[in-house]
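The values are calculated or read from the model by the stated rules, or taken from the named source; none is laboratory data. Bear in mind the structure is a predicted one, so any value in this text is a computation, not a measurement. Heads up, the Cβs are rebuilt from the backbone with ideal geometry, glycines too, and the neighbour counts pull from every protein chain shown.
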Number of protein chains: 2
Amino acid sequence: MGEFDLIARYFTRQPVRAVLGVGDDCALLQPRQGTQLAISSDMLVEGRHFFADVDARKLGHKALAVNLSDLAACGAKPLALTLALALPRIDESWLAGFSAGLWALADTHGCELVGGDTTQGPLTICITVFGEVEVIKGQGQALRRSGARAGDDLYVSGTLGDARLALEGMQHPGAWPDDLLEQARLRLEQPEPRVALGLALRGIASAAIDISDGLLGDLTHVLKASGCGATVHAADVAPLLAAQSHPQWRPLELARPVLDYVLAGGDDYELAFTAAPSQRNAVKAAAALACTPVTRIGRMDAEPGLRLLDAQGQRLANSYASFDHFA
Amino acid sequence: MGEFDLIARYFTRQPVRAVLGVGDDCALLQPRQGTQLAISSDMLVEGRHFFADVDARKLGHKALAVNLSDLAACGAKPLALTLALALPRIDESWLAGFSAGLWALADTHGCELVGGDTTQGPLTICITVFGEVEVIKGQGQALRRSGARAGDDLYVSGTLGDARLALEGMQHPGAWPDDLLEQARLRLEQPEPRVALGLALRGIASAAIDISDGLLGDLTHVLKASGCGATVHAADVAPLLAAQSHPQWRPLELARPVLDYVLAGGDDYELAFTAAPSQRNAVKAAAALACTPVTRIGRMDAEPGLRLLDAQGQRLANSYASFDHFA
């Protein structure tokens, strides 16, 4: 099987909304009148973002999920994607699995594969996603990192730290009980992008970001873009580790390294967002609409910097930084 | 220097037309009312698409050029790009060169860098470009592969084969004179996408494709999409090797392997296009407007298949196939 058969067999379908899909020099999209197009691109490299032996279907899911998570953070409705793929060789069973995982998630979110590139090389996946953002009275409705204001509440969706716990557990066999690790691996390998929540928060949240590099690190991007500070209550964040539902796990609740995973683990793909206190009921309603749990974990301050407090209101040292691929 | 400094220093500028550029979860574009968005994505891998020691500035140029060439083939006006980059390490001198080459070509075509991704990994460059296509009376004006009709003239822009000649010359030192190789290397390392020609051909050409994998191979994609055949006059194509302007070179004009380079060399980034015979003057005018030489090399036939004829009208064997990364 050659490059063109590969594309035809695994990555081509008739476009539904796109004007032109896979198979020409360019794909063609016709955005609805008066909308903006949100665009995000993520590259996943074997050995860096995923293990060489990861299940192909899960990888297809995750490669798209991390991109859809960026659309979610902007409150954009997924429309389309392009896929550029470097493969060491043609492995039909891998391609069948990878494409099945990708299509399944794409179909869930009504996101069409419209184009891309295939080449030989070290396994690398680069997806670019396109989403639609409405413009109301001349104002684009995208959630941005820059909209947070002092006094706003700070929220996080879902649970945090599970992906990192899984990563550590896979690298140090025996560190955690098997059933706990299995549960955490689901979060690492098959994150669910919070698209519905992002859409529901339009007009309610003042700022949003997706947590890919760790809560506290990603939060600093919001502080910088918004020109304010924040206070985070570690005791409100700590129980967010989903794996804590495991009974044997409770005693470790606030101990490091587990707290580190929750506060700065990365690969969570939850949303952190801010909203004025007057929007508390609206946030609850949005969370209910999106069937996504949301927890208030702090507030935005006029004073710059990120303050981490324990359950007694005492300041904890914050030595967490956002994950940096070159640090 | 970390990942975020790298992005800030080399890959961030204030957006001009984009609503939101680098630095948030998504970039935001607002397409002009009633236009379509043309999208193309290309991935370049070290050792596969370029040599490890290629000049970084030239690589920055080429990585964008091959993408702009896809917009050119659709007659789309460049608007924006995203850049996803896997780097083995941070090398500031490399980054300065690469970004300078990229920006220079982007500025030439009014194409804004609006987002992307940076990670550690084997050197891999994935660019996605966005261009604008007008819609007139409900008809998108994009040039497509599927519009060629039997009886149409077949044209190619510029020159062909130089890039492949350079590639062979670099791999077999001494095969060609140094000054000839130097001239051909310009075409391999710094191709000029035919954006102006693509724009000028809207409403004139019936189909178009950019020649990245070799003239005859890429032409078969047009035949397949358009459901017709073609006759190509090898004697009209052969003199298109720019390096033939070299006096010592003339005797080799039609000899293999040089003819192979011209007909099937790849990496040319010229446009092959078709137009009705009634459009001959319009094609000439478009070529003049775009300051791009254009040569008529054949015609489209109702009979399927690709026929290659010599100067005497005798059929030549056509064993050329489009470059396939996995063949």
Could you pull out the residue among A:S69, A:S93, A:S41 that is away from chain B (no Cβ under 12 Å) and not acidic (D, E)? A:S93
For B:W176, the lone unmet condition from (1) assigned to a loop (DSSP other than H, G, I, E, B); (2) at pLDDT 90 or above; (3) crowded, with 19+ Cβ neighbours inside 10 Å is (2)
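Residues checked against (1) surrounded by 24 or more Cβ atoms within 10 Å (Cβ to Cβ); (2) in contact (Cβ under 8 Å) with a residue 60 or more places away in the chain; (3) within 11 Å of chain A (Cβ to nearest Cβ):
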{"site": "B:D117", "(1), (2), (3)": "yes, no, yes"}
{"site": "B:I125", "(1), (2), (3)": "yes, yes, yes"}
{"site": "B:F130", "(1), (2), (3)": "yes, yes, yes"}
{"site": "B:G158", "(1), (2), (3)": "no, yes, no"}
{"site": "B:R164", "(1), (2), (3)": "yes, yes, no"}
{"site": "B:Q171", "(1), (2), (3)": "no, no, no"}
{"site": "B:E182", "(1), (2), (3)": "no, no, no"}
{"site": "B:R187", "(1), (2), (3)": "yes, yes, no"}
Inter-residue pairs, beta-carbon under 6 Å, first at pLDDT 95 or above and in region B:293-309, second of a type in the set (D, E) and surrounded by fewer than 18 Cβ atoms within 10 Å (Cβ to Cβ), 6+ apart: B:I297/B:D236
Hey, could you check region B:139-153 for residues that are out of contact with any Asp or Glu (no Cβ under 6 Å at 6 or more places or on another chain) and surrounded by fewer than 24 Cβ atoms within 10 Å (Cβ to Cβ) and say which is nearest to the other protein chains (Cβ to nearest Cβ)? B:G140
Failed condition for A:T108, given (1) within 22 Å of B:R48 (Cβ to Cβ); (2) more than 10 Å from every other protein chain (Cβ to nearest Cβ); (3) polar (S, T, N, Q), with all others met? (1)
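Within region A:23-65, can you find the residues that are part of a strand (DSSP E or B) and polar (S, T, N, Q)?
A:T35, A:Q36, A:S40, A:S41, listed by residue number.
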Being touching a strand residue (DSSP E or B) at 6+ places or on another chain (Cβ under 9 Å) and surrounded by fewer than 16 Cβ atoms within 10 Å (Cβ to Cβ) is the filter here, so list the residues in region B:265-287 that pass it. B:P277, B:R280, B:K284
Looking at A:I127, A:I136 in this structure, which one is closer than 18 Å to A:G198 by Cα and not acidic (D, E)? A:I136
Evaluation of A:L95 against (1) in a helix (DSSP H, G or I); (2) of a type outside the set (K, R); (3) outside the structural domain of A:A63 (by TED's automatic domain parsing) (one fails), failing number: (3)
Looking at this structure, is B:L79 in contact (Cβ under 8 Å) with a residue 12 or more places away in the chain and either over 26 Å from the mean Cα position of the chain (by Cα) or within 11 Å of chain A (Cβ to nearest Cβ) (or both)? yes
Applying the selection to region B:32-47, what residues are touching a residue at least 12 places away in the same chain (Cβ under 8 Å) and under 24 Å from the mean Cα position of the chain (by Cα)? B:T35, B:Q36, B:L37, B:A38, B:I39, B:S40, B:S41, B:D42, B:M43, B:L44, B:V45, B:E46
For region A:288-313: of the residues being farther than 24 Å from A:H221 by Cα and of a type outside the set (G, A, S), which is surrounded by the fewest Cβ atoms within 10 Å (Cβ to Cβ)? A:Q312
Verdict on B:S69 being in contact with a Lys or Arg (Cβ under 9 Å, 6 or more places away or on another chain), among the hydroxyl-bearing types (S, T, Y), under 21 Å from B:S212 (Cβ atoms) and surrounded by 19 or more Cβ atoms within 10 Å (Cβ to Cβ): yes
A:G101 vs. criteria touching a Leu at 6+ places or on another chain (Cβ under 7 Å), modelled with pLDDT of 95 or more and either aromatic (F, W, Y) or closer than 30 Å to A:C228 by Cβ (or both): no
